[in-house]
Amino acid sequence: MLLSERTDNRNNNFDILRFLAALQVLIGHCINCLGKENYDWFFDISGVPVFFIISGFLVTKSWCDNPNIFLFLKKRILRIFPALIAVVLFTALILGPIVTTLPLKEYFTNSMFFDYFKNIFLYEIYHLLPGVFENNPLNESVNASLWTLPLEFFMYCLIALFGITKILNKKNFHFIFIVFSILLFYILNRFFIIKYTYMKGIELLILFFISSGFYIYR
């Protein structure tokens, strides 16, 4: 059976894969937030790469089905920003005031409170709110999962760029791009001190475009 026989209908099990990946992320983050270091190996396997693999496949399909840049970007914006805005507003305006250890006046006038709303623009992720979760074993972030969203939207933009320049469907494009990305990852990891999030970003980029290639050569 060819992949193409499963891409034209919704009988493809992507929803259950997404559910299992989300469940893993939820449970894994809960365990980390509780400061538990020794837990079952299953929960040490990140569900995040699964999301990027599925996304690479389906976002490429979305472009190929209708290669209209405005419609494509509209779909991608609706995919991320309404839920992101809702989460940021809920976290800063409802959850934060309930659990903060600071007086409300101090909470609402702190610069970290205002910075947190910048997460909506995905330019830079701000992880902290004043006095929120400071006593948790893992207290570096109010919502650590937000770090993947700028990466995901950046990859959407790459698909659009490669699509409008007509190279997304070019023979061997994915192979060349993936090999280049792996070499870049190796060089940066071997010879330079690079932030963990940047290296993780390149890993996810590689997985995203491997999956994109699977759709192109389905």
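In table form, for the structure just shown:
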read-out: Test for residue 215: is it over 27 Å from residue 23 (Cβ atoms), open to solvent by less than 40 Å² (accessible area, probe 1.4 Å) and either touching a helix residue (DSSP H, G or I) at 6+ places or on another chain (Cβ under 9 Å) or not in a helix (DSSP H, G or I) (or both); value: no
read-out: Selection status of residue 19, open to solvent by 100 Å² or more (accessible area, probe 1.4 Å) and modelled with pLDDT of 70 or more; value: yes
read-out: Tally, over the stretch 37-48, of residues that are modelled with pLDDT under 70 and in a helix (DSSP H, G or I); value: 4
read-out: Complete set of residues in the stretch 99-117 that are open to solvent by 90 Å² or more (accessible area, probe 1.4 Å) and within 19 Å of residue 140 (Cα to Cα); value: 114
read-out: Enumeration of residues in the stretch 174-194 that are open to solvent by 40 Å² or more (accessible area, probe 1.4 Å) and either within 21 Å of residue 51 (Cβ to Cβ) or polar (S, T, N, Q) (or both); value: 182, 185, 189
read-out: Candidates 171, 105, filtered to the one that is among the basic types (Lys, Arg) and under 28 Å from residue 54 (Cβ atoms); value: 171
read-out: Some residue of the stretch 183-196 being of a type in the set (Lys, Arg) and either assigned to a helix (DSSP H, G or I) or without any contact (Cβ under 8 Å) to a residue 24 or more places away in the chain (or both); value: yes
read-out: Hey, residue 153 on the phi > 0 side of the Ramachandran plot and either in contact with a helix residue (DSSP H, G or I) (Cβ under 8 Å, 6 or more places away or on another chain) or among the aromatic types (Phe, Trp, Tyr) (or both) or not; value: no
read-out: Answer residue from the stretch 145-181, given it is under 17 Å from residue 199 (Cα atoms) and of a type in the set (A, V, I, L, M) and is modelled with the lowest pLDDT among those; value: 146
read-out: Matching entry among 120, 210 (being open to solvent by less than 40 Å² (accessible area, probe 1.4 Å) and either out of contact with any Gly (no Cβ under 9 Å at 6 or more places or on another chain) or not polar (S, T, N, Q) (or both)); value: 120
read-out: Lone qualifier among 89, 34 - being open to solvent by 60 Å² or more (accessible area, probe 1.4 Å), at pLDDT 95 or above and over 24 Å from residue 15 (Cα atoms); value: 89
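So that you can scan it fast, the table gives a plain yes or no per residue for (1) out of contact with any Phe, Trp or Tyr (no Cβ under 7 Å at 6 or more places or on another chain); (2) over 24 Å from residue 201 (Cα atoms); (3) hydroxyl-bearing (Ser, Thr, Tyr); (4) in contact (Cβ under 8 Å) with a residue 60 or more places away in the chain:
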{"residue": "111", "(1), (2), (3), (4)": "yes, yes, yes, no"}
{"residue": "119", "(1), (2), (3), (4)": "no, no, no, no"}
{"residue": "137", "(1), (2), (3), (4)": "yes, yes, no, yes"}
{"residue": "154", "(1), (2), (3), (4)": "yes, no, no, no"}
{"residue": "161", "(1), (2), (3), (4)": "yes, no, no, no"}
{"residue": "165", "(1), (2), (3), (4)": "yes, no, yes, no"}
{"residue": "169", "(1), (2), (3), (4)": "yes, no, no, yes"}
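The values are calculated or read from the model by the stated rules, or taken from the named source; none is laboratory data. These figures come from a predicted structure and were not determined experimentally. Cβ: placed from backbone, ideal geometry, glycine included. Neighbour counts: every protein chain shown. Only protein heavy atoms, including side chains, enter the accessible area calculation; ligands, DNA and RNA are left aside. Shrake-Rupley method; radii C 1.70, N 1.55, O 1.52, S 1.80 Å.
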